[in-house]
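S.K.: Quick one: structure below, then a few questions.
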Amino acid sequence: MKTEQLVYADGQYVLPPLPYAYDALEPLMDEATLHLHHDKHHAAYVAGANTAVQKLREITEGKLDAAQTTNWVRALSFNESGHVLHTIFWTNMSPTPKTAPEGPLMDAIVKAFGSFDGFMLAYRSATAGIEGSGWGILGVEPLGKTLVICGAEKHQNYEIPGIIPILACDVWEHAYYLKHQNNRAAYIDNFLKLVDWQNVEERYNAALGK
């Protein structure tokens with residue numbers, strides 16, 4: 001798997017370019033949304049993470065009141081988590097996706113959910129049912145090395161702490177409202193049609209240290 005560049009050599013967070021053209025996911029994902037989502041929303045999380053890191057550095061250097069530490073730690077958690085999940089989200093999709101998993105990932109899905117169709121049903125339902133803004137995540141639970149589906153409120157508040165995301169669907173309204181309005185379920189269906197299971201397989205193997 002090509003390693004995404006999340007930070008520069010100097011430690012500054014960086015916005016990776018989309019791995020495809022802005023119109024490449026049409027008609028399932030529209031060009032206008034990709035421009036807004038990537039260039040404005042994702043970019044704002046990168047900027048927010050960099051600001052939080054700088055403010056925390058100023059606190060340690062005595063240039064800023066230490067009473068602000070909690071606020072800036074929260075800001076870093078929110079923005080850095082948004083940056084990471086968006087980077088997974090973009091690379092999970094492809095205009096020419098591998099449409100189903102194979103090998104060890106498929107075996108793990110069948111073990112956890114009974115079948116690939118069973119997983120898809122559970123993932124759709126869990127992701128559509130997230131309250132407010134958040135993410136539908138398929139992840140590896142690192143202790144048992146098992147697959148789990150969970151939601152993440154905002155970006156950082158995982159229902160199952162410690163999981164390693166390998167598939168992430170953004171269900172903040174900015175991800176789908178221009179095209180799908182309030183039809184979150186249709187957006188999730190289109191996302192799943194674009195999922196490149198090759199990318200998910202690579203993330204699964206990386207999560208297991210393979």
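S.K.: Measuring from label point to label point, each 7 Å out along Cα→Cβ, what is the Glu153 to Ala24 span in nm?
M.R.: Roughly 3.6 nm, to one decimal.
S.K.: Calculate how steeply helix 197-207 sits against the longest principal axis of the alpha-carbon atoms of the chain, using the helix alpha-carbon long axis, and give the answer as 0 to 90 degrees to the nearest 10.
M.R.: That works out to roughly 50 degrees.
S.K.: Something else about it: Between the helical axis of 184-194 and the dominant principal axis of the chain, each derived from Cα atoms, what acute angle in degrees is found, rounded to the nearest 10?
M.R.: 80
S.K.: Also, I was wondering about something else. Could you tell me the center-to-center distance, by alpha carbons, between the stretch 13-82 and the stretch 110-134 in angstrom?
M.R.: 27
S.K.: Report the convex hull volume per residue for the stretch 79-198, counting only C-alpha atoms, in Å³.
M.R.: Details: hull volume 11.8 nm³, N = 120.
Looking at the stretch 79-198, the number lands at 98 Å³ per residue.
S.K.: Assuming 0.692 mPa s and 37 °C, estimate D for the chain with Stokes-Einstein, Rh taken as the Kirkwood radius over Cα pairs, in µm²/s. Intermediate values should be presented prior to the final figure.
M.R.: Details: Rh = 17.9 Å.
It diffuses with D of about 183 µm²/s by this estimate.
S.K.: Say a paramagnetic label sat at a point 7 Å from the Cα of Ser125, along Cα to Cβ; which residues of the stretch 145-176 have their backbone N under 15 Å from it?
M.R.: Only 149-151 fall inside the zone, counting backbone N under 15 Å.
S.K.: Among all the lysines, which ones have a C-alpha under 19 Å from Lys40's C-alpha, if same-chain residues fewer than 8 places away are not counted?
M.R.: Lys154, Lys179
S.K.: Working out 0.36 nm times the residue gap between Ile164 and Lys210, then minus their Cα-Cα distance, what length gain in nm do you get to one decimal?
M.R.: Working: separation 46, 0.36 × 46 = 16.56 nm, distance 1.41 nm.
Extra length from Ile164 to Lys210 when fully extended: 15.1 nm.
S.K.: In Å and whole numbers, how far do the C-alpha atoms of the stretch 137-205 stretch along each principal axis, longest first?
M.R.: Projected onto the principal axes, the Cα atoms of the stretch 137-205 cover 39, 27, 14 Å.
S.K.: Okay, next question. Quick check: the angle from helix 69-92's long axis to the longest principal axis of the chain, C-alpha only, nearest 10 degrees?
M.R.: That helix lies at roughly 30 degrees to the long axis.
Coordinate-derived values only; no laboratory data. Predicted, not measured: the structure shown is a model, and the values here were computed from it. Please note: Cβ atoms are built from the backbone with ideal geometry, for glycine as well, and neighbour counts cover all protein chains shown.
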